[in-house]
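The values are calculated or read from the model by the stated rules, or taken from the named source; none is laboratory data. These numbers were taken from a predicted model, which means no experiment stands behind them. Cβ: placed from backbone, ideal geometry, glycine included. Neighbour counts: every protein chain shown.
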Amino acid sequence: MINAAIVGIGNWGQLLVTSVRNSESIKFTKGSTRTKSKAAEFCNTNGIELVDDYDGLLADPSIDAIVLATPHTQHVSQVIAAAEAGKHVFAEKPYTLSKSDTETALMAVKKAGVKTAVGLNRRFAPNFQKLKTMIQDGTLGAPIQIEGHFSANLALKDAWRSDPSESPAGGMTSLGIHIVDAFINMFGPVSEVRAYSKSLVTSYNIDDTTRILFEFANGRTGYFGSVTGTSTLTYLRVFGTGGWASVNNANELTFAPLGGQPETENWDGYLHPALKTIGAGLEAFAADIEGGASFLVSPDQILHGVAVLDAIFRSIDSGNAEVP
């Protein structure tokens, strides 16, 4: 059993804790957060001891792993501090906000000999996993193009995610990074991006519309769109010479074979917030710590995902195509 500490006990931090409440491989025993009074009742209900600060958790010999659900800009220093304290560390997506910060953090992890993971829970959704299998086993024929979309209402006026420094390019750090990771997982390394992002109608500070064109190292192409001022919509589609397949949310997959009729498969228990995928990610992290299978998102993929995100930010600023 891995004893973990949760850092940042807001809405998402509480989902992380709840997702492994009955786990036999990882449990949260301690935590820290900015405003203890807001998390006190939740922590009391879930048997979590609230400590005064992060340093207190790092100095605690009973803690094996740190799980970060804190603002993105804090991650690099927190990952480094955890690694130097000999703690395994799980950071919520996108890990950090720049390629250089991610390189620095991963170097500290490697030097310390600890494990690290990132909160990209869509990797653990059964429909996303089946789509990758369909690409690998030739069901879709030769893959040609991938497209994705992730929209939601992010009008969180009092939340840190409404700060442009924490959420550059609109919903890319909270929503779009899931699709970027799926693109990398399905189609391989990205060689170039051309991105556009702006605010059209919403009153909060982050962009409300983002669109991106992708070129992959293998010559394939992709495109992505996100709107942060509408109702929730998530899909990922792959087009191949054998037909197309589309995953919707975390629970549905439709396959339309060439010359045939579309058929849809559904999985129970994976509607938003898809706690099963969140818990599966934490349990996979625990298994990696215990010497089991490596975490599904490798350190190299963590770095490449953030490098692609970094290139997206630069492309928006420059108006040009940028290389990760």
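Against the criterion of being under 17 Å from the mean Cα position of the chain (by Cα), outside the structural domain of residue 94 (by TED's automatic domain parsing) and not aliphatic (A, V, I, L, M), residue 222 does not qualify. Scanning the range 73-131 for residues that are under 22 Å from residue 247 (Cα atoms), among the hydrophobic types (A, V, I, L, M, F, W, C) and in contact with a Gly (Cβ under 9 Å, 6 or more places away or on another chain) yields a count of 3. If you go through the range 74-92 and keep only what is surrounded by fewer than 24 Cβ atoms within 10 Å (Cβ to Cβ) and out of contact with any strand residue (DSSP E or B) (no Cβ under 6 Å at 6 or more places or on another chain), you end up with 74, 76, 77, 80, 81, 84, 85, 86. Considering every residue within the range 226-246, establish whether at least one is in contact with a strand residue (DSSP E or B) (Cβ under 6 Å, 6 or more places away or on another chain), without any contact (Cβ under 8 Å) to a residue 60 or more places away in the chain and hydrophobic (A, V, I, L, M, F, W, C). The answer is no, given that none of the residues of the range 226-246 is in contact with a strand residue (DSSP E or B) (Cβ under 6 Å, 6 or more places away or on another chain), without any contact (Cβ under 8 Å) to a residue 60 or more places away in the chain and hydrophobic (A, V, I, L, M, F, W, C).
Of all residues in the range 267-297, those satisfying the criterion of being assigned to a loop (DSSP other than H, G, I, E, B), surrounded by fewer than 20 Cβ atoms within 10 Å (Cβ to Cβ) and not aromatic (Phe, Trp, Tyr) are 268, 269, 271, 272, 273, 290, 291, 292, 293, 294, 296. In the range 162-176, of all residues being at negative phi and outside any helix (DSSP H, G or I), the one that is surrounded by the most Cβ atoms within 10 Å (Cβ to Cβ) corresponds to 167.
Residue count for the range 24-59 satisfying the condition of being more than 23 Å from residue 284 (Cα to Cα), of a type outside the set (A, V, I, L, M, F, W, C) and either touching a residue at least 40 places away in the same chain (Cβ under 8 Å) or not in a strand (DSSP E or B) (or both): 14. The set of residues in the range 250-271 that are touching a strand residue (DSSP E or B) at 6+ places or on another chain (Cβ under 7 Å), closer than 25 Å to residue 176 by Cβ and touching a residue at least 24 places away in the same chain (Cβ under 8 Å) comprises 251, 252, 253, 255. For residue 229, the requirement of being of a type in the set (Gly, Ala, Ser) and modelled with pLDDT of 95 or more is not met.
Residue 202 falls short on exactly one of the conditions (1) in a loop (DSSP other than H, G, I, E, B); (2) surrounded by 20 or more Cβ atoms within 10 Å (Cβ to Cβ); (3) not small (Gly, Ala, Ser), and that condition is (2). Residue 279: under 17 Å from the mean Cα position of the chain (by Cα) and not aliphatic (A, V, I, L, M), yes or no? Against the criterion (under 17 Å from the mean Cα position of the chain (by Cα) and not aliphatic (A, V, I, L, M)), residue 279 qualifies.
Of the set (1) in the same structural domain as residue 211 (by TED's automatic domain parsing); (2) surrounded by 23 or more Cβ atoms within 10 Å (Cβ to Cβ), all apply to residue 159 but (2). Among the residues here, residue 210 does not qualify as in the same structural domain as residue 130 (by TED's automatic domain parsing), crowded, with 16+ Cβ neighbours inside 10 Å and either on the phi > 0 side of the Ramachandran plot or assigned to a loop (DSSP other than H, G, I, E, B) (or both). None of 96, 139 is within 18 Å of residue 72 (Cα to Cα), among the β-branched types (Val, Ile, Thr) and crowded, with 16+ Cβ neighbours inside 10 Å except 96. Here residue 280 fits the description: under 27 Å from residue 105 (Cα atoms) and in the same structural domain as residue 134 (by TED's automatic domain parsing). For residue 133, the conditions (1) without any contact (Cβ under 8 Å) to a residue 24 or more places away in the chain; (2) crowded, with 20+ Cβ neighbours inside 10 Å are fulfilled apart from (2).
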